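Single-structure report; data block below.
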Amino acid sequence: MIDSPREVDVVVIGAGQAGLSSAYFLRKAGLSPGDDFVVFDHSDGPGGAWQYRWPSLTFETVHGIHQLPGMSVPTPPASASVAPVVAEYFGAYEAQFDLAVRRPVSVTSVADRPDRRLTVTTSAGTWITRAVINATGTWDKPFLPYYPGQEVFSGRQLHTVDYGGKASFAGERVLVVGGGASGIQLLLEIATVADTFWVTRREPEFVDRPFDIEWGREVIARVEDRVRRGLPPESVVKSTGYRLTPEIAAAREAGVLRRRPMFTRMDATGVSWPDGSRLDVDTILWATGFRAALDHLAPLRLRGHGGGITMDGTRVAADPRIHLVGYGPSASTIGTNRAGRTAVRELKRYLDASSPLPQPVTV
């Protein structure tokens, strides 16, 4: 027998910070988990992308963990690894507010229906919903650029998502590609056990300025402008530059952060540049960032000519049923909570003002 689709008002896709904050505000708005809304998460356990962070990322080195609405973040020792603490915190949060996250459940597609509702196809069956809050983040879609000769390189090629600690790089010649926060952090760590080299597409900008409220507003305004115009969001470091901390200053003085321009070709043992210079390396670590994990929304054809999705706040401009939380200006942990509240406020108005056309569910 084929199970009949289940019906809810809102489907939340993803149970990281964005998904859990959205679920919290749905409950606060009077919607009941399991009956009025459902939260899907493809991971085996709680923690969102935090649970996959490398073990050496500690509370001393992490940029910051902002609390979920209604529950404070634990304050472990600075040397504590972030991943297990945050996973336990997220799990306690789900239990405290009875969010009934369904996992592991993968959402494969979200498609339109003739009655103004949406069909959400998952590994746990089909759901019919009036609205979707998408909170899938980027961790599941690492970006790996292609360079000629890449397929013949005989050494290791890893992405940030594959990093398990510096021990496996001991004694090697390691090339780190990328000027974002992860690339710089991992470069500094690997440099303590290996010979490291660093390449980036553009000259890194190190700024000696505190990341205060005014600066944060400037960054959010730039990202909001891009997504309102249907352009893909920029990386955080491209928008802000990288803080010139004492650690970074010391690394620059020691030559660890001596940047080279991007190579143009790869071969069996290394990389080369147009001027004929080349570099032999054992491992290339691609710290080249991520893209928004939105493939399951493809049936809705939300992307425009600019390559991104035109947004109005958290709402997809062309479709009031779809909100993207943790996308664009709400991609930071601080912005995510505010975005979850905004999305729920707008969706509640949409749900109260509209009703689906009467139509039998068929399978």
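The values are calculated or read from the model by the stated rules, or taken from the named source; none is laboratory data. Model, not experiment: these values are computed from the prediction. So basically every Cβ, Gly included, is an ideal-geometry build from the backbone, and we count neighbours across all protein chains shown.
Of note:
- Any pair with Cβ under 6 angstrom, 6 or more apart, that starts in region 175-204 at a residue that is at positive phi and ends at one that is of a type in the set (S, T, N, Q): Gly178/Thr288
- Test for Gly137: is it closer than 18 Å to Val325 by Cα and not hydroxyl-bearing (Ser, Thr, Tyr): yes
- Qualifying residue in region 8-22 (condition: acidic (Asp, Glu) and touching a strand residue (DSSP E or B) at 6+ places or on another chain (Cβ under 8 Å)): yes
- No other residue among Leu31, Leu20 is hydrophobic (A, V, I, L, M, F, W, C) and crowded, with 21+ Cβ neighbours inside 10 Å apart from Leu20.
- Filter pass, Phe97 being of a type outside the set (A, V, I, L, M), touching a Gly at 6+ places or on another chain (Cβ under 8 Å) and at pLDDT 95 or above: yes
- Residue match in region 327-334 (condition: more than 23 Å from the chain's Cα centre (by Cα) and surrounded by fewer than 20 Cβ atoms within 10 Å (Cβ to Cβ)): no
- Only residues that are closer than 18 Å to Phe37 by Cβ, β-branched (Val, Ile, Thr) and either loosely packed, with under 15 Cβ neighbours inside 10 Å or in contact with a Phe, Trp or Tyr (Cβ under 6 Å, 6 or more places away or on another chain) (or both) were counted in region 86-121, giving 3.
- Scanning region 230-266 for residues that are modelled with pLDDT under 80 and in contact with a Gly (Cβ under 6 Å, 6 or more places away or on another chain) returns Gly230, Leu231, Pro232, Pro233, Ser235, Val237.
- Residues in region 144-185 that are assigned to a loop (DSSP other than H, G, I, E, B), surrounded by fewer than 19 Cβ atoms within 10 Å (Cβ to Cβ) and among the hydroxyl-bearing types (Ser, Thr, Tyr): Tyr146, Tyr147, Ser154.
- Entirely in region 257-342, the strands (runs of 3 or more DSSP E) that have 3 or more residues that are among the polar types (S, T, N, Q), outside the structural domain of Asp41 (by TED's automatic domain parsing) and in contact with a Ser or Thr (Cβ under 7 Å, 6 or more places away or on another chain): none
For every residue, the table says whether it meets (1) among the aliphatic types (A, V, I, L, M); (2) buried (at least 19 other Cβ atoms within 10 Å of the Cβ); (3) part of a loop (DSSP other than H, G, I, E, B); (4) assigned by TED's automatic domain parsing to the domain that holds Asn134.
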residue: Tyr24; (1), (2), (3), (4): no, yes, no, yes
residue: Pro46; (1), (2), (3), (4): no, yes, yes, yes
residue: Val62; (1), (2), (3), (4): yes, no, yes, yes
residue: His66; (1), (2), (3), (4): no, no, yes, yes
residue: Ser72; (1), (2), (3), (4): no, no, yes, yes
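- Answer residue from region 270-294, given it is touching a residue at least 12 places away in the same chain (Cβ under 8 Å) and acidic (Asp, Glu) and is surrounded by the fewest Cβ atoms within 10 Å (Cβ to Cβ) among those: Asp280
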